[in-house]
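One structure is given here, and the rest of the page talks about it.
The values are calculated or read from the model by the stated rules, or taken from the named source; none is laboratory data. Because the structure is a prediction, the values reported are computed rather than measured. Here the Cβ positions follow ideal geometry from the backbone for every residue, glycine too, while neighbour counts run over all protein chains shown.
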Amino acid sequence: MTREARRLLEALGLPEARAFVDPTDGAEVILRRRRAEVSVGAGRFSRDAAEALARQDLARWQRGSSGGEALLLTEAGRAHLRRAEASDPATGFFRQHRETEIAEVETEAGRTRVRVDAEESPLDWLRRRRGRDGRPLIDDASYQAGERLRTDIALAGLLPGVTARWDPTPRGEGPASPGEATDRMVAARQRIRNAFDAVGADFGDLLMDLCGFMKGLELIERERQWPPRSAKVVVRLALARLAEHYGIEAAAKGPAASRGIRAWKAVVIDGGRN
């Protein structure tokens with residue numbers, strides 16, 4: 001089993017996780033997990049890794065009511081994960097070569113602690129990665145803004161496999177009516193339009209790739225033909241502008257903002273864009 005297939009298997013083993021073929025790139029799959037009341041993106045993997053798991057009966061493709069297919073873990077896959085978890089060397093190898101963290105998730109039996117791969121979400125990766133000054137690449141306000149947009153994208157149903165969860169809430173309320181679900185979807189789409197109008201078309205496209213399609217910085221640079229390591233500059237500016245729109249934190253003022261805008265223009269104009 002390849003390293004990527006092993007990572008995908010680990011990811012599918014997390015609560016309420018499944019993968020869908022990327023509609024913009026059939027060679028990749030997008031992992032999604034349920035968080036709160038919506039399904040949000042949690043990483044990207046190659047289609048080859050997904051098919052490798054299916055061939056070994058560790059995962060299977062299941063067609064949904066909408067006609068799309070989702071990759072789910074099989075009982076054989078769960079057994080494989082249990083054996084791997086029981087093996088200290090295998091678990092140690094995963095933790096040594098990947099950034100992991102302990103997270104609490106809600107299950108039918110209550111809250112439980114699991115180890116998750118913190119590198120799968122571009123937003124999580126940006127918050128955990130530190131620059132030369134020792135600070136995270138994005139601050140908490142930018143991270144919260146990105147997560148807020150990601151949730152709205154999920155509620156709006158703009159991506160395959162991303163649908164609102166209209167189940168009864170923990171407070172015992174009844175499920176939302178179809179009309180209420182539609183109203184929430186329309187409201188989420190309006191919030192997205194307002195956000196993209198506020199940040200501008202260039203930043204809006206970038207944020208859709210980052211927070212919606214879960215594209216990493218290297219892929220963003222490659223698709224836009226930007227210079228290496230330039231995406232983090234533009235991403236930081238885009239998320240800061242988004243946070244300002246949401247009222248989470250005011251954007252940088254004065255010389256710092258001017259330097260940032262000049263850097264963004266240099267990337268877009270000099271680096272080129274398709």
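Out of the residues in the stretch 200-219 meeting the condition of being of a type in the set (A, V, I, L, M), under 16 Å from the mean Cα position of the chain (by Cα) and surrounded by fewer than 20 Cβ atoms within 10 Å (Cβ to Cβ), tell me which one is nearest to ALA240 (Cα to Cα).
Taking the candidates together, the pick is MET208.
Considering every residue within the stretch 111-128, establish whether at least one is hydrophobic (A, V, I, L, M, F, W, C), assigned to a loop (DSSP other than H, G, I, E, B) and modelled with pLDDT of 85 or more. Explain how you work it out, then say what you get.
Residues of the stretch 111-128 that are hydrophobic (A, V, I, L, M, F, W, C), as a first pass: 114, 116, 118, 123, 125-126.
Among the residues that remain, those that are also assigned to a loop (DSSP other than H, G, I, E, B) are: 118.
Filter again for modelled with pLDDT of 85 or more, leaving none.
For the stretch 111-128, residues hydrophobic (A, V, I, L, M, F, W, C), assigned to a loop (DSSP other than H, G, I, E, B) and modelled with pLDDT of 85 or more: absent.
Pull up the stretch 6-30, narrow it to residues that are without any contact (Cβ under 8 Å) to a residue 40 or more places away in the chain and more than 16 Å from GLY212 (Cβ to Cβ), then point me to the one that is surrounded by the most Cβ atoms within 10 Å (Cβ to Cβ).
Step one: filter the stretch 6-30 for residues without any contact (Cβ under 8 Å) to a residue 40 or more places away in the chain, giving 16, 25-28.
Then drop every residue that is not more than 16 Å from GLY212 (Cβ to Cβ), which leaves 16, 26-27.
Numbers: GLU16: 13, GLY26: 9, ALA27: 9.
Among those that are without any contact (Cβ under 8 Å) to a residue 40 or more places away in the chain and more than 16 Å from GLY212 (Cβ to Cβ), it is GLU16.
Which one is modelled with the highest pLDDT among residues in the stretch 220-243 that are surrounded by fewer than 18 Cβ atoms within 10 Å (Cβ to Cβ) and over 15 Å from PRO136 (Cα atoms)?
Restricting to residues being surrounded by fewer than 18 Cβ atoms within 10 Å (Cβ to Cβ) and over 15 Å from PRO136 (Cα atoms), the top hit is PRO227.
Across the stretch 185-235, what is the total count of residues that are outside any helix (DSSP H, G or I) and more than 22 Å from GLY157 (Cβ to Cβ)?
Residues in the stretch 185-235 being outside any helix (DSSP H, G or I) and more than 22 Å from GLY157 (Cβ to Cβ): 8 in total.
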